[in-house]
Every structure is written in structure tokens, then in C-alpha cells.
Amino acid sequence: MNPIRVVLIEDDIDWLNIMETIIGNEDDIVLVGCGTTKEEAINLSKALDHIDIFLVDINLTDNNLDGIYTALELKSSGDWKVLMLTSMSDEDIIQKSFIAGATDYILKKDVHKIPHIIRSIYHEPSNPVEVILQDYRRMKSEEQLKDLTNAEREVYKLIEQGHSRRDIQKKLMKSDNTLKNQIKNILKKMSVSNSKEAIRKVKSGGLW
């Protein structure tokens, strides 16, 4: 059986060494890459042929959300699992990790349990908890559109699908002025500056 291929993203060198040792002692788990920043995580995801699980510290570069944003970008570009590593049990931070797409999290004080959790999420890819998390992420994304009218939602969905303003005018048979006003209202209600920010906010469940 092929070993479980793991990439570790951790900015604390001491913890990096500890986890390298723990994972290195396992016959069925192999550490195929290490990084310390979000950018390095993204680069590794593109450079390595096969990755099963990313193990990501929530507190990269002293910013509580850096690891969460890393998970968000990783999940938007691949189907690998993301296991969050944290020294905090802050409910809000953990909740945001799940919104970003994390499959599970582990406290650093329980670091010896990492191999067990890695095996668990690798061998049970469709467990009930993951299904619940997927529904929760969809709910958080939908929540970003709650203030839009049905007509505005229709416009937003076409924008999200990549249609140009001219295409949307033709599809929905709207005048240029009407469409401009609806897009303006969408951006205002979502508290964003442009369509790209609106899409990113919805896809991230409000994290961005």
C-alpha cells in the first residue's frame, strides 16, 4: 500500500522539527514537503505530483488567520485534505478553519495524536462529519447573499459564472442602466468594492 503523502506548513522551527520526527517514525506516512508561509504552501501544491494531506499551522507569521487563508486557497485549487494545527482552542478560530475547508484540527499539546488523525481522515474520506462540514460551508457561502433580491441573486450568479456585463444584459434582457444599478446594489449590500471581491467573499464563506 502506498504511504500517505503529507506536506507540513509550520513557521515555528522547533515545532517543525518535532512534527518531522513524529511523522518520520511512521512507516505508512511520508513527509514530502515542508514550508513556513502561505506562499510556500501554494508553491508546493503546484510543484509536487501527489499530496494527500496538508498539515497547516493556524498561526503562520503571527497572524491568527494566515493558516486559515492558506487552507482556503489550498481547498480552492485541489481536493487534498487539510488538517489544522493550533495551540489555541478558540471556538471562533476553529470555526473559521472549518469554513475555509479544513477537514479537522488538532491542538499542539496533542501532537502525538497526529499520525492517528492523519490516518483517520485519509482512510475515511466520506465520513459523516465531512458531509456536515460541506453543508455548513455551503450555508456560510449562501449567507453572504442573504440581503440580495431574487433579481440581484440572478445577476450575481451569472457574474460568478464568468459572464460579461453584455452577456448578462442579453440573457436577462435588462437595460444597461438597470444592470449597472443592480450590480451597484449587490456590491453595496455585500460591503465589497468590485465583482471579484464579491465572488471571493461568497466562496470563502465571508472570511475574505
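Scanning region 1-38 for residues being closer than 14 Å to VAL56 by Cα and of a type in the set (Asp, Glu) gives a total of 4. Taking the residues in region 31-63 that are outside any helix (DSSP H, G or I) and surrounded by fewer than 16 Cβ atoms within 10 Å (Cβ to Cβ) as candidates, determine which candidate is modelled with the lowest pLDDT. Within region 31-63, the match that is modelled with the lowest pLDDT is ASN63. Considering only residues in region 104-137 that are modelled with pLDDT of 65 or more and not in a helix (DSSP H, G or I), the one that is surrounded by the fewest Cβ atoms within 10 Å (Cβ to Cβ) turns out to be GLU124. For region 181-200, a tally of residues being closer than 14 Å to ARG153 by Cα and among the basic types (Lys, Arg) returns 3.
Scanning region 154-184 for residues that are part of a loop (DSSP other than H, G, I, E, B), under 16 Å from ALA198 (Cβ atoms) and in contact with a helix residue (DSSP H, G or I) (Cβ under 8 Å, 6 or more places away or on another chain) turns up just one, HIS163.
On inspection, ILE159 qualifies as touching a Ser or Thr at 6+ places or on another chain (Cβ under 8 Å), at pLDDT 85 or above and surrounded by 11 or more Cβ atoms within 10 Å (Cβ to Cβ). Being in contact (Cβ under 8 Å) with a residue 40 or more places away in the chain, crowded, with 20+ Cβ neighbours inside 10 Å and among the charged types (D, E, K, R) is not true of ASP28.
Within region 186-197, the presence of a residue that is at pLDDT 90 or above and either touching a Pro at 6+ places or on another chain (Cβ under 9 Å) or in the same structural domain as ASN25 (by TED's automatic domain parsing) (or both) is excluded.
The values are calculated or read from the model by the stated rules, or taken from the named source; none is laboratory data. Just so we're clear, the structure is a prediction, and the values are computed from it rather than from any experiment. Ideal geometry is used to build each Cβ from the backbone, glycine not excepted, and the neighbour counts take in all protein chains shown.
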